[in-house]
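Shown next, in structure tokens, is the structure this report addresses.
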Amino acid sequence: MAYEIDEVLIPEEELKKRTEEIAQEISKDYKGKNPILIGILRGAFVFLSDLIRKMDIEVEIDFMAVSSYGNATHSSGVVRILKDLSENVRGRHLIIVEDIVDTGLTLNYLIRNLQAREPASIEVASLLLKEGCQKVPLKIKYLGFKIPDRFVVGFGLDCGQRWRYLPYIATVKKV
Ligand code: 5GP
């Protein structure tokens, strides 16, 4: 199946502004707490790197890579850890940094997995949330944008490894 970029959904300036606002919120909430921001590879790396450069508190970063069993467009909720954290997070304040929450099954798995490691707290920062698509109740403390149920790329998000480098969020269409 071939795809091409359809339309820009969130322009670069809006992404920049909202990312800065979230960075300020996190800085205020976590002052003196030295949180670990956990970027979920690969999609969240752009959001994470923009976020930390606009924060004015000390933070650490770590990464996890997960793959969801299922096909390209449907998450099954059964998650395989491809890369685990490098650090011990017991007693630490954690912020999971995600690119997009669709069904929420991946995030639900990650929260439960991290909870078992006995951190001091866990919150979530997600750039995007597909409205009305969640299959499990989730609390996303820091949310960039709610979007309609469309497949999106750019700002770290891909379609078959393409278009992660785009500085904006765009929809794709089949050609
Ligand atoms: P969930 O478990 O919430 O259904 O799926 C979350 C993961 O599915 C995201 O981290 C992302 O990797 C992928 N995903 C869901 N929707 C989209 C989308 O519109 N575009 C892209 N590129 N990935 C998506």
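The values are calculated or read from the model by the stated rules, or taken from the named source; none is laboratory data. Note that the structure is predicted; figures quoted are calculated from it, not measured. Heads up, the Cβs are rebuilt from the backbone with ideal geometry, glycines too, and the neighbour counts pull from every protein chain shown. SASA here: full protein model, heavy atoms, side chains in, ligands and nucleic acids out. Shrake-Rupley method; radii C 1.70, N 1.55, O 1.52, S 1.80 Å.
Here is the link list: K33/K141; K33/K83; K31/K141. Which ones come out longer than 19 Å on Cα distance? Listed pairs above 19 Å: K33/K83. In order along the stretch 18-28, the Karplus-derived 3J(HN,Hα) couplings, from 6.51 cos²θ - 1.76 cosθ + 1.60 at θ = phi - 60°, round to 5, 4, 5, 4, 5, 4, 5, 4, 4, 4, 5 Hz, and Gly and Pro are given as x. A straight Cα-to-Cα reach below 13 Å connects K17 with the aspartates and glutamates E25, D50, residues fewer than 8 places away in its own chain not being considered.
Histogrammed with a bin width of 10 Å, the alpha carbon distances of the stretch 92-175 distribute as 16, 46, 28, 9, 1 percent, first bin at zero. Accessible area per residue for the stretch 71-175 is 51 Å², calculated with a 1.4 Å probe on protein heavy atoms, without ligands, DNA or RNA. Working ranking of peptides 116-126, 1-11 by packing, defined as the average number of other Cβ atoms within 10 Å per residue, highest first, is 116-126, 1-11.
Taking the Cα centre as origin and putting +1 on Lys and Arg beta-carbons and -1 on Asp and Glu beta-carbons, what dipole magnitude results for the stretch 114-161, to the nearest 20 debye? Write out the running numbers ahead of the final one.
Details: 7 positive and 5 negative charges, 25 e Å.
So the dipole magnitude of the stretch 114-161 works out to roughly 120 debye.
For the chain, the Cβ-based charge dipole about the Cα centre amounts to some 420 debye (Lys, Arg positive; Asp, Glu negative; other atoms uncharged).
Over the chain, what is the percentage of antiparallel beta bridges among all DSSP beta bridges, to the nearest 5?
Details: 14 of 37 bridges.
In the chain, DSSP labels about 40 percent of beta bridges as antiparallel.
A Förster radius of 41 Å, combined with the Cβ-Cβ distance separating D29 from L82, puts the computed FRET efficiency at roughly 0.85. What a 1.4 Å probe finds exposed on the chain is 50% carbon and sulfur by accessible area, rounded to a whole percent. Determine the shape class of the chain: with a ≥ b ≥ c the square roots of the Cα gyration tensor eigenvalues, call it rounded for a/c under 1.5, and otherwise prolate if a/b is greater than b/c, oblate otherwise. Cα axes put the chain in the oblate bin.
If you find the alpha carbon centre of the stretch 13-71 and of the stretch 130-175, how far apart are they in angstrom? That distance is 16 Å.
So for the chain, averaging the separation of alpha carbon pairs under 8 Å that are six or more residues apart and normalising by length, what relative contact order in percent results?
Working: 355 pairs, mean separation 47.0, N = 175.
Contact order relative to length: 27 percent.
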